[in-house]
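Step one of this worksheet: look at the structure below.
The values are calculated or read from the model by the stated rules, or taken from the named source; none is laboratory data. What you are looking at is a predicted structure, and each value in this text was computed from that prediction instead of being measured. Heads up, the Cβs are rebuilt from the backbone with ideal geometry, glycines too, and the neighbour counts pull from every protein chain shown. To get the accessible areas, we keep the full protein, side chains included, count just its heavy atoms, and leave off ligands, DNA and RNA. Shrake-Rupley method; radii C 1.70, N 1.55, O 1.52, S 1.80 Å.
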Amino acid sequence: MSGSALIEVRGLDVRRGAEHVFEGFDLELERGAIHVLSGANGAGKSTLLAVLRGALPFAGEVLLHWRGAATIGYVPQDFLAPEAAPLTAAELLALPRQRRPVCFGLSRATRARVDALLEGVGLGGRGNAPLAGLSGGERRRLLLAHACDPAPELLLLDEPAAGLDAAGEALLEARLRDLRGAGTTTLLVSHDPAIAARLGASSTRLGR
Amino acid sequence: MSGFYDTLAAWAESGALPEVFGYPFFVRGLLAVLLAAPLFGTLSHIVVTRRLAFLSATLGHAAITGLTLGLALGEPLSAPYGGMFGFVALLALGLVWVRRRSALSSDTLIGVFLSLTLGLGVCLLVFSTRRFDVHRIEAVLFGSLLTVTDTDLALLFAVLCLTAVVLARHYNELLFDSLSPQLAGTQGQRSALIDYAFVLLLALATVAALKIVGALLIEALAVVPAAAARNVARTTRGWLLGSVAIALSASIAGLALSAHMPVPPGGAIVLCLAGAFFLTLLRRR
């Protein structure tokens, strides 16, 4: 391994039932890099992110050489059940950021932090909008705001541009460049063949 | 507590309170309702968010099996808490353990556990009724506010306090994990611990409140207040307060109904809750 690698995957073996999703898969990701994962449906892109999040059992070696706070930011492909509770966009962001139950309101400090986060992803003024009332693209921006605060050591994004308009895509890419400047390592799943070139990122195409 | 009941009885005698307050069993029943309503009003909106409605029904049914198990092991019928809580907790923890490891859907697994519970319960019930009058066991099945004791009230109060402390400290974690376990897990939240802790709390509340509506109807308290409030609430605060208010008003209305009509309080409370649900459904935004 090179001394600057954050992620080191050696001989990864993951099975889905009787089928091998990964068999002897290797990957090394430099600290502070942006790396794009592409490949056909079912190639294992989301599975690899799940392995890195520690959400799936696997065989082989997955080493994360943390130097900082060992934090992972994650933007999932699906946002689960926005209608399950009458939460607003601001309350969702406040859930992991304040101790006081959100049903008793947001503290002044949390409100300021959440407003800044929403502003940063082009959702200024949408804090009081119910989650169920946000469009798919707006929910994606919300998840991006959540994943990037505080700047994580590792950022995992599963098709983050899906449902975003042109302005949203530009905002996403600008945010990823900013985070790279701050030292964040990013692993991004995308079907856009040009995104790696636009971001100056390395890439891996997963095959079956 | 007897001084408290004597004071109320004296006020009832002097006309300061309705005559019914002169009966300690009524006062105990009212207190039980006043403690259980905020308990379940609060828990129910987490139950609904975590999609545990079917699980709540299973816990209620498990309490019957726990009761019969406790009786078979020699517990008194007046306070069979060991068997009930032991079995309900074991079932709840076992169910979560299997659910976290199985590829089957939650409702399928709960169905399997419910069948197991009922099968065991029916067998043990037949055994228990050889030793106890079946009508005394019916009190557990359908609830019996008249048989609430001071110990029952103390247990309800303790569970209410515990719930308040747990939710005051971990409400946001619970809600975040309910909405997206993936995100919460990445954030460092221990999803498994939250899962186990919440079902244990629900098991405890189920057992503590069993005498109010009974094992067969306890699910109504755990689900309907939040379901009704969700129809009209636009904020989490509105949902929580609405849920508690609906639980409280339906419980008091049910108790009042049963005082004036020949219907059991448990059934009357559940009917009032259902009425609240359909009323709020009409006003749904």
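So what J values fall out for the stretch A:90-96 if you push phi through Karplus, 6.51 cos²θ - 1.76 cosθ + 1.60 with θ = phi - 60°, rounded to Hz, Gly and Pro as x?
Rounded to whole hertz, the list is 5, 5, 4, 5, 6, 3, x.
Give the distance, in whole Å, between the Cα centre of the stretch A:54-96 and the Cα centre of the stretch B:63-128.
The stretch A:54-96 and the stretch B:63-128 have Cα centres separated by 34 Å.
Using the Karplus curve 6.51 cos²θ - 1.76 cosθ + 1.60 with θ = phi - 60°, work out ³J(HN,Hα) for each residue of the stretch A:148-158 in order, rounded to whole Hz, and write x for Gly and Pro.
Computed from phi, the couplings for the stretch A:148-158 are 8, 10, x, 3, x, 6, 10, 10, 10, 10, 9 Hz.
Need one word for the stretch B:29-172: rounded, prolate or oblate. Basis is the Cα gyration tensor (sqrt eigenvalues a ≥ b ≥ c); a/c below 1.5 gives rounded, then a/b vs b/c decides.
On the way: a/c = 2.14, a/b = 1.10, b/c = 1.94.
Because a/c hits 1.5 or more and a/b fails to exceed b/c, the stretch B:29-172 counts as oblate.
Can you give the average number of partner chain beta-carbon atoms within 10 Å of each beta-carbon in peptide B:168-180, as a whole number?
Details: counts 4, 2, 2, 7, 11, 3, 2, 9, 6, 1, 4, 10, 12.
Per residue, the number of nearby Cβ atoms from other chains is 6 on average.
Please report the antiparallel percentage of DSSP beta bridges with both residues in chain A, rounded to the nearest 5. Write down the numbers at each step before the final one.
Numbers: 15 of 33 bridges.
So the antiparallel bridges amount to about 45 percent of the total.
Each residue of the stretch A:8-24 in turn: what ³J(HN,Hα) in whole Hz from Karplus with 6.51, -1.76, 1.60 and θ = phi - 60°, glycine and Pro shown as x?
9, 10, 10, x, 5, 10, 10, 10, 10, x, 8, 8, 7, 7, 10, 9, x
Averaged across A:85-93, how many Cβ atoms of other chains sit within 10 Å of each residue's Cβ atom? The partial results should precede the final answer.
Numbers: counts 14, 13, 7, 3, 0, 0, 5, 5, 0.
For this peptide, the per-residue mean of nearby foreign Cβ atoms is 5.
Provide the net charge surrounding residue A:31, with neighbours chosen by a C-beta distance below 9 Å and charges set as Lys +1, Arg +1, Asp -1, Glu -1.
Working: positive: A:67; negative: A:30, A:153.
Local charge sum for residue A:31: -1.
Which of the peptides A:195-202, B:66-73, A:41-48 is most tightly packed, and how do the rest follow, judged by the mean count of other Cβ atoms within 10 Å per residue?
Details: A:195-202: 15.5, B:66-73: 22.4, A:41-48: 19.2.
Top of the packing list down: B:66-73, A:41-48, A:195-202.
Excluding residue A:60 itself, what net charge comes from residues whose Cβ is under 15 Å from its Cβ, given Lys and Arg +1 and Asp and Glu -1?
Numbers: positive: A:10, A:15; negative: A:8, A:13, A:23, A:26, A:28, A:61.
Around residue A:60, the charge tally is -4.
Of all the accessible heavy-atom surface of the stretch A:129-208, with the other protein chains kept in place and a 1.4 Å probe, what percent is carbon and sulfur? Mind showing how you got there, number by number?
Values: 1670 of 3140 Å².
That fraction is 53 percent.
Counting other C-beta atoms within 10 Å, and keeping those with at most 15, which DSSP coil trypsin sites (Lys or Arg not before Pro) do you find in the stretch B:75-121? All intermediate terms of the calculation are to be shown ahead of the outcome.
On the way: sites: B:99, B:100, B:101; in loops: B:100, B:101.
Listed in order of number, the matching sites are B:100, B:101.
Compute the accessible area of each residue in the stretch B:186-202 twice, once for its chain alone and once with every protein chain present, using a 1.4 Å probe on heavy atoms, and list those whose area falls by at least 50 Å².
B:186, B:187
Using just the helices of chain A, give the 222 nm mean residue ellipticity in deg cm²/dmol: DSSP H runs with n ≥ 4 each add -39,500 (n - 2.57), and the total is spread over all residues, rounded to 500. Please report the intermediate quantities before stating the final value.
Working: 6 runs with 61 residues, N = 208.
So the helix-based figure for chain A works out to -8500 deg cm²/dmol.
With a/c under 1.5 counting as rounded, go ahead and sort the stretch A:84-133 into rounded, prolate or oblate using the C-alpha gyration tensor (a ≥ b ≥ c being the square roots of the eigenvalues; past the cut-off, prolate if a/b is larger than b/c, else oblate).
Numbers: a/c = 2.10, a/b = 1.08, b/c = 1.94.
Oblate shape, in that a/c is at least 1.5 and b/c is the bigger or equal ratio.
Under a 1.4 Å probe, what is the accessible area of chain B per residue, stated in Å²?
Values: 12620 Å² over 285 residues.
With all protein chains present, chain B gives 44 Å² per residue.
Could you work out what % of the accessible surface of the stretch B:1-142 is carbon and sulfur, using a 1.4 angstrom probe and leaving DNA, RNA and ligands out of the count?
68
Pull out a ≥ b ≥ c, the square roots of the eigenvalues of the alpha-carbon gyration tensor of the protein assembly as shown, then state rounded if a/c is under 1.5, prolate if not and a/b is larger than b/c, and oblate in the remaining case.
Numbers: a/c = 2.94, a/b = 1.92, b/c = 1.53.
Prolate, because a/c is 1.5 or more and a/b exceeds b/c.
Counting only protein heavy atoms, what percent of the accessible surface of the stretch A:1-117 is carbon or sulfur at a 1.4 Å probe? Don't jump to the answer; show the numbers that get you there.
On the way: 2600 of 5100 Å².
Heavy-atom surface of the stretch A:1-117 belonging to carbon and sulfur, 1.4 Å probe: 51 percent.
Scanning chain B for helices, which whole DSSP H stretches are 20 Å or more long along the axis (Cα) and average -0.5 or more by Kyte-Doolittle?
On the way: long enough: B:24-49 (38 Å, 1.69); B:53-72 (29 Å, 1.40); B:81-99 (26 Å, 1.61); B:106-128 (32 Å, 1.88); B:150-179 (38 Å, 1.11); B:191-208 (26 Å, 2.08); B:218-232 (23 Å, 1.24); B:236-260 (36 Å, 1.17); B:265-282 (26 Å, 2.09).
Taking the DSSP H segments of chain B (at least 20 Å long, mean hydropathy at least -0.5), we get B:24-49, B:53-72, B:81-99, B:106-128, B:150-179, B:191-208, B:218-232, B:236-260, B:265-282.
Over all residues in A:128-135, what is the mean tally of Cβ atoms on other chains that come within 10 Å of each residue's Cβ?
The shielding value for this peptide is 1.
So, in Å, what gap is there between the alpha-carbon centers of the stretch A:143-208 and the stretch A:10-39?
18
Enter the buried accessible area of the B/A pair, total of both sides, probe 1.4 Å, in Å² rounded to the nearest 100.
Values: alone 13870 and 9940 Å², together 21400 Å².
Summed over both sides, the interface buries about 2400 Å².
What 222 nm value per residue comes from the helices of chain B, counting each DSSP H run with n ≥ 4 as -39,500 (n - 2.57) and dividing by all residues, nearest 500 deg cm²/dmol? Could the numbers behind the result be given before it?
Values: 13 runs with 226 residues, N = 285.
It comes out at -26500 deg cm²/dmol, rounded to the nearest 500.
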